[in-house]
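Written below as structure tokens is the structure these notes are about.
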Amino acid sequence: MASVDIKTQAGKLAGTAELADTVFGLEPNISVMHQVVTAQLAARRAGTHSTKTRAEIRGGAAKPWRQKGTGRARAGSSNSPNWRGGGVAHGPRPRDYSQKTPKKMVKLALRSALSDRASDGNVIVVDSWSFDAPKTKDAIAALSAVGAEGKVLMVLGDGDANAWKSFRNLTNVHCLHVGELNTYDVLNNDVVVFTQDTLPTGAEAQPKTTASTDSGDSAAAVRSEDANADDVDEAGEEE
């Protein structure tokens, strides 16, 4: 299991975090990432484009001129696509561009993208963001301190409102809630910055940090209590 240094907002070392192999240690599946990103971008399309067919054009019911004797070509309606102002043949119509993608493929694509960034050393973990007030100047200093260069994806949690407001004005930073983490945004940025609270862990992962063993033990105890409660419920149902 790979590990990464946890940095403070000032850039100092605050511990070590373990990166779960099930999330950050996979061999990137390029074909799955391509399919998921294509579906994600297709779902963004509004699909409201529309043209009128000859049946939807106003007017044109009368025959422009008689069939014979004028020397001109035969014409039955001014709504014909051959006419200026007439209907459009085989033009775009409103449609839904979204594609159905299996959940397993979406998860695999995201983990492949995170694994690719981790393999290049472009995953940064910060202990927490402690902005007293939203200030873009402090956000620039924080990025420089933690070593985030290029296009940066900032993965924030519910309690990072000041950090969100501080980073959102920077053109090279894209802020994203941890619940909205997706393949396209990971691949579209050079560096991914997590906090200890937003760092994803797999089902087989150990506690996030080496320093927070107490929280890991308490979480395990809660899971054990839940399992015992489930056993009691099943026994009651059998009786």
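A few notes on this one:
- Extended-chain gain in nm, criterion 0.36 nm per residue less alpha-carbon gap, Thr136 and Ala55: 23.5 nm
- Here the Karplus curve 6.51 cos²θ - 1.76 cosθ + 1.60, taken at θ = phi - 60°, turns the phi angles of the stretch 121-135 into couplings of x, 9, 10, 10, 10, 10, 4, 5, 9, 10, 8, 5, 8, x, 8 Hz, with x standing for Gly and Pro.
- Ordering of 7-14, 87-94, 70-77 by packing is 7-14, 87-94, 70-77, highest average first (other Cβ atoms within 10 Å, averaged per residue).
- Modelled FRET efficiency - R0 25 Å, Arg45 with Ala89, Cβ distances, 0.05 increments: 0.65
- Note, ³J(HN,Hα) from phi for the stretch 26-36, Karplus 6.51, -1.76, 1.60, rounded to Hz, x at Gly and Pro: 8, 7, x, 9, 5, 5, 5, 4, 4, 5, 5
- For Gly15, distant residues with modelled amide H under 5 Å away: Ile6
- Fully extending the segment from Arg66 to Ser144, taken as 0.36 nm per residue of separation minus the present Cα-Cα distance, adds 20.2 nm.
- Cut-off under 5 Å, modelled amide H: who pairs with Thr53 long-range: Val88
- In a DSSP loop and with at most 16 other Cβ atoms within 10 Å, the trypsin sites (Lys or Arg not before Pro) in the stretch 107-147 are Lys135.
- Under a 5 Å amide H cut-off, with hydrogens placed 1.01 Å from N, Ser3 pairs with Leu19 among residues at least 5 apart or on other chains.
- Partners of Lys135 within straight-line reach, counting lysines whose Cα lies under 26 Å from its Cα and excluding those fewer than 8 residues away in the same chain: Lys7, Lys12, Lys151, Lys165.
- Counted residue by residue at 0.36 nm each, then reduced by the alpha carbon distance between them, the extension gain from Asn182 to Ile30 reaches 53.2 nm.
- Partner lysines for Lys52 [C-alpha distance under 19 Å; skip if fewer than 8 residues away on the same chain]: none
- Inter-label distance for Ala75 and Asp190, nm, one decimal - labels placed 7 Å from Cα along Cα-to-Cβ: 6.1 nm
Each reported figure results from applying straightforward, stated rules to the coordinates on display, with no laboratory input. Here the structure is a predicted model, which means the values were calculated and not measured. Using ideal geometry, Cβ is built from the backbone for each residue, glycine included, and neighbour counts are taken over all protein chains shown.
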